[in-house]
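First the structure, in the form of structure tokens, and then the observations on it.
Every number here is computed from the coordinates shown, using simple stated rules; none is lab data. Computed from a predicted structure; not experimentally measured. Cβ placement follows ideal geometry from the backbone for every residue including glycine, while neighbour counts extend to all protein chains displayed.
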Amino acid sequence: MIGKDTTYIEALSSPFPDANLVQSPHQHTLKTAFTRSGVGLHTGASTTVRVLPAEPDQGRYFVRVDLAEPVVIPARVEAIGKTILSTELGQGAVQVRTVEHLLAALAGLGIDNARIEIDGPEVPLLDGSAQPWVVAIAEVGLVAQASLRSLHKVNQPLWVHQGDAFVVALPAPQTRFSYGVDYALSAIGCQWYSCQLEQFATEIAPARTFGFADQIEQLRDRGLIKGGSLNNALVCGPEGWLNPPLRFADEPVRHKLLDLIGDLSLLGPFPQAHILAYKASHALHTQLTQQLSQSC
């Protein structure tokens with residue numbers, strides 16, 4: 001059953017920041033702070049996140065405020081740690097994981113500078129998408145800053161691959177993201193989706209994380225998805241979706257694209273390129289991000 005999940009339509013009626021902000025030459029930050037709380041997908045730990053404005057040229061960065069001495073973890077390539085079913089960032093022995101949905105929302109709406117205070121080791125999953133973060137950002141609004149964004153152009157193809165899975169950055173006149181997935185389960189099958197950042201809030205942010213019924217116990221035995229449930233993740237089995245309806249018929253590939261945008265945000269400004277991924281993972285996303293960081 002696919003159907004159509006209309007529960008998110010009311011939230012989407014919020015006055016989103018102007019989509020053209022992502023193309024503005026000026027850096028942006030939040031007008032004021034907002035707070036969200038929830039359970040982490042993998043740790044199952046309850047955490048509270050407070051996202052605050054930040055000065056120009058500071059970038060997006062996390063602060064672990066639950067520690068005796070708060071630790072700053074930049075949301076940058078150099079902080080990338082483990083990439084097993086999520087993206088983890090670290091500074092020394094201190095980490096914060098599953099950062100991709102929040103970072104995708106900030107970067108996808110054109111927020112260059114933000115201080116993200118968190119009182120635990122994992123960003124809350126909320127409803128499994130980036131939509132709650134987008135709605136929170138829309139509620140507080142954005143403000144332009146005097147500093148200009150840096151512009152990085154990709155002048156020759158760059159790619160990483162593992163088997164038939166790959167992520168490639170191609171020279172292009174404007175930033176675009178395309179993604180393809182191909183799963184044996186008929187409820188998903190082969191899906192492709194392509195978009196520009198101006199479409200992020202309505203076409204990408206609502207897409208929820210997903211998993212497979214026959215993998216749940218194995219992942220939990222490995223200490224993963226302790227906080228996952230049918231309320232914050234789509235689950236697919238041989239007979240179809242366990243918790244329909246979907247928000248989009250192709251919600252899985254849109255969510256993969258959401259993850260890609262979050263991982264690529266670790267560059268800072270997105271490069272002027274067409275980023276194309278197929279059957280990829282956080283590991284491949286971040287490997288390409290590291291390559292782009294070295295070449296831009």
* To do: Would you mind checking which residues have amide H under 5 Å from residue 176's amide H? H placed 1.01 Å from N; only 5 or more apart, or other chain.
  => 273, 274, 275
* Please state, as a whole number in µm²/s, the translational diffusion coefficient that the Stokes-Einstein equation yields for the chain at 4 °C and 1.567 mPa s, with Rh defined as the Kirkwood radius across alpha carbon pairs. => 68
* **GNM top mover of 44, 110, 163 - the chain, alpha-carbon springs below 10 Å** => 163
* Asked: Rounded to the nearest 5, what is the percent of antiparallel bridges among the DSSP beta bridges in the chain?
  -> 75
* Asked: Given just the C-alpha atoms of segment 103-170, how large is their convex hull per residue in cubic angstrom?
  -> 159
* Asked: Scaled to the compact-protein estimate 2.2 N^0.38 Å, what is the alpha-carbon radius of gyration of segment 158-295, rounded to two decimal places?
  -> 1.08
* Structure fact -> For residue 228, the net charge from surrounding residues (Cβ-Cβ under 13 Å; K, R +1; D, E -1) works out to +1
* **Summed side-chain charge close to residue 95 - residues other than residue 95 whose Cβ falls under 11 Å, Lys, Arg +1, Asp, Glu -1** => +1
* **Zero-based 5 Å bins, Cα pair distances in segment 139-180, whole percents** => 5, 14, 18, 16, 14, 13, 10, 7, 3, 0
* **segment 9-148: translational diffusion in µm²/s, Stokes-Einstein, Kirkwood Rh over Cα pairs, 25 °C, 0.890 mPa s** => 162
